[in-house]
Every structure is written in structure tokens, then in C-alpha cells.
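Presented below is the structure to which this report refers.
The values are calculated or read from the model by the stated rules, or taken from the named source; none is laboratory data. This structure is a prediction, so every number in the text was calculated from the model and none was measured. Every residue, glycine among them, receives a Cβ derived from its backbone with ideal geometry; neighbour counts consider all protein chains shown. What goes into the accessible areas is simple: the full protein's heavy atoms, side chains included, and nothing from ligands, DNA or RNA. Shrake-Rupley method; radii C 1.70, N 1.55, O 1.52, S 1.80 Å.
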2 protein chains.
Amino acid sequence: MGIVRKTKSVEALLNEFQNNSGAISAIELIKRFNSQFNKTTVYRVLDKLEDDGILHSFLDIKGIKWYAKCNGCSANGHLDTHPHFQCMDCGNVDCLPVEVHIPKISNREVFSSQILLQGICNRCIGSS
Amino acid sequence: MGIVRKTKSVEALLNEFQNNSGAISAIELIKRFNSQFNKTTVYRVLDKLEDDGILHSFLDIKGIKWYAKCNGCSANGHLDTHPHFQCMDCGNVDCLPVEVHIPKISNREVFSSQILLQGICNRCIGSS
DNA sequence: AATTTATTACAACTTAGTTGCAATAACAAA
DNA sequence: TTTGTTATTGCAACTAAGTTGTAATAAATT
Ligand SMILES: [Mn+2]
Ligand SMILES: [Mn+2]
Ligand SMILES: [Zn+2]
Ligand SMILES: [Zn+2]
């Protein structure tokens, strides 16, 4: 089940993603709202926002969970699949609005793909 | 540092990958060798085999660590990067010997990519 | 056989996330 | 506005995967 009541934690988390174009890790959100909400609440609200097709989640190279805004998804399903990029320098993570073509894989039926790219972001290239 | 001494745990783990074409999770290996080696030993030996370019590792959709044989890698570096496939039915994981082309990403320098595909493997398609 | 030191087992720890449950607060109905 | 229903929350306890420190052990060299 998704969000039913517009509680303070829901509004605060939605607002946080409104003011942020990139992805945010669950851990970072727990830190940010440390004084206002319990970590369990943060995890549970994020989970519901994902159910509703408002946020999507993925794991980074360390297995840490990140969330980012969806685009054109709903409770019926997450449609906008795309790769994610993590800067090895600053650690920031972004959604990449590009298509990656997956070739036909023999002997298997592929339903979804998780793609995580690593490298250096523009801001970190400058500050060498 | 990689492997220096051919100990029993090193031989047992190497042997396990010899007899297995797919990937094996660290957790599964710890279970298999539960009566013979401590889990710390398993983790440390796997780590060294990866340093030596004999095995490579990656995380699955749950953030669990998997290992598989390398092909043409060495202590100087892991060269054979490729996608991995996890069957949503049986949970088996394989290395996919295919090239996935990553398009140029603007404003970022991409160094590496982790690609995890999910779907149904051949054996599981049959048993519907 | 003696020596050196890489490797191991063990226990304790860390980190990220989950679960059960009583107290609280949305929000609809009266 | 007050009341009643129940979704949501905070808290504490727990789980799972992996890491760390260290004394004992066992490869491999002399
Ligand atoms: Mn995204
Ligand atoms: Mn592989
Ligand atoms: Zn950066
Ligand atoms: Zn299968």
C-alpha cells in the first residue's frame, strides 16, 4: 500500500526531493531528518512513495539504497528505467536520461536491467 | 596483497569455482564450507583471489556479494567487464559474455559500469 | 628440525535495514 | 467541534552481511 495520509514526514521527504535534482541515499535522509523523524519512519515513507510511483530506488556500488524522483510512473508500475551515475570523487549520484540498448541474451528472458556507471562528475573534474 | 600460500581454504575455494560455471555468492560459499572454514576465512580468501585477478565480484539486486571466475585478468587489473544475469525464479547468477555499449554521457567521465540483468533462465522457463 | 610469518578461528563489532507493538495523529463522520 | 477509526509513528529489539583485532596455527623457507 502507498501513501494514504499527508503526514509531516511525507511532506518533508517530498519537499527534500523537490529541492534536489539528484538522488539521495536513505542514510543521508535519515541524517538530515535525524531530529525530526525516526529512521524507521524514513524507510517506511520512502517505501510507500516508491509504491506510489513517486520515487524509485536503486543500490550503489556499496549496496547502499538511493532514491530519486520518478518521471511518468504510477502505482501501476515504474516505467522510466535508466542508468545511474556515481561520482567516485564526491559520491553524488544522478539519474541519467539516456537509453542503453541491451542485446538479446541467448537462453534467457530479460525483464529488467540495473545499470550503475562510475566516474568523475563535472564539478569534480574542474577541481583537480 | 593476493594469495601467498596454497592453503586448504584456497584450494577448496578454487576447486569450487572450477566445478561451477556460474557465479557463487559469498553467503553460499560460507554455507558450503561451514564445517571446514570460518566465514572470515572465506571472505578473506575471496578478497585475495580477486586481488590476484582470479575471481571478480559484484553485487546482486539485494546488495549481496557474488564471485565468479575471471577470464584474462591479473593482479595488474580486471579487464573482462561484462553484465551479470540473475534468474528471478531460481536465483542463479551468471556472467554474460556480451558487450553492452554505453553511450557518451555529457558532463561526466565514465570509468566503469556495473550491469545486472534480471529475468528468467532457460531451466526455469521450461518448468512453468 | 628450526624459524619465519602468512593464515586462520574466534569473538566481538559495525552498518544498513527490518519487525512488533503500543502510543499518536490524520481525517472522516457525527 | 467532538468523537471514532485506523494509518502512521517512535522506540527498542532484532537481523543479515560483512569487518576487525588478536592469539594460535601451519605453510614454506633455511
Ligand atoms: Mn533514477
Ligand atoms: Mn562475471
Ligand atoms: Zn563529483
Ligand atoms: Zn532460473
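Summary of values
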quantity: Options A:Glu11, A:Glu28, A:Glu16: the member that is away from chain B (no Cβ under 14 Å), part of a helix (DSSP H, G or I), of a type outside the set (A, V, I, L, M) and more than 14 Å from DNA strand D (Cβ to nearest atom); calculated: A:Glu28
quantity: Pairs with Cβ under 8 Å, 6+ apart, first in region A:78-101 and in contact (Cβ under 8 Å) with a residue 40 or more places away in the chain and under 14 Å from B:Ser113 (Cβ atoms), second loosely packed, with under 14 Cβ neighbours inside 10 Å and among the charged types (D, E, K, R); calculated: none
quantity: Residues that are assigned to a loop (DSSP other than H, G, I, E, B), among the basic types (Lys, Arg) and facing another protein chain (nearest Cβ under 7 Å), drawn from region A:90-119; calculated: none
quantity: Check on A:Ile125, surrounded by 12 or more Cβ atoms within 10 Å (Cβ to Cβ), more than 16 Å from A:Ala23 (Cα to Cα) and modelled with pLDDT under 95; calculated: yes
quantity: Single condition A:Gly22 does not satisfy, out of (1) within 11 Å of chain B (Cβ to nearest Cβ); (2) assigned to a loop (DSSP other than H, G, I, E, B); (3) of a type in the set (Gly, Ala, Ser); calculated: (1)
quantity: Region A:44-61 - residue that is outside any helix (DSSP H, G or I) and within 14 Å of ligand 1 (Cβ to nearest atom) and, of those, most open to solvent (accessible area, probe 1.4 Å); calculated: A:Ile54
quantity: Any hit, region B:35-54, residues being within 16 Å of ligand 2 (Cβ to nearest atom) and within 14 Å of chain A (Cβ to nearest Cβ); calculated: no
quantity: Residues within region B:86-128 that are more than 19 Å from B:Ile64 (Cβ to Cβ), charged (D, E, K, R) and in contact with a strand residue (DSSP E or B) (Cβ under 9 Å, 6 or more places away or on another chain), tallied; calculated: 4
quantity: Subset tally (residues that are surrounded by fewer than 17 Cβ atoms within 10 Å (Cβ to Cβ) and within 16 Å of DNA strand D (Cβ to nearest atom)) for region B:66-89; calculated: 0
quantity: Residue ID - nearest to the other protein chains (Cβ to nearest Cβ), chosen from residues in region B:71-82 that are of a type outside the set (A, V, I, L, M) and out of contact with any Cys (no Cβ under 8 Å at 6 or more places or on another chain); calculated: B:Thr81
quantity: Counted residues, region B:19-43 - those being exposed (fewer than 13 other Cβ atoms within 10 Å of the Cβ) and either over 25 Å from B:Cys87 (Cβ atoms) or touching a residue at least 24 places away in the same chain (Cβ under 8 Å) (or both); calculated: 5
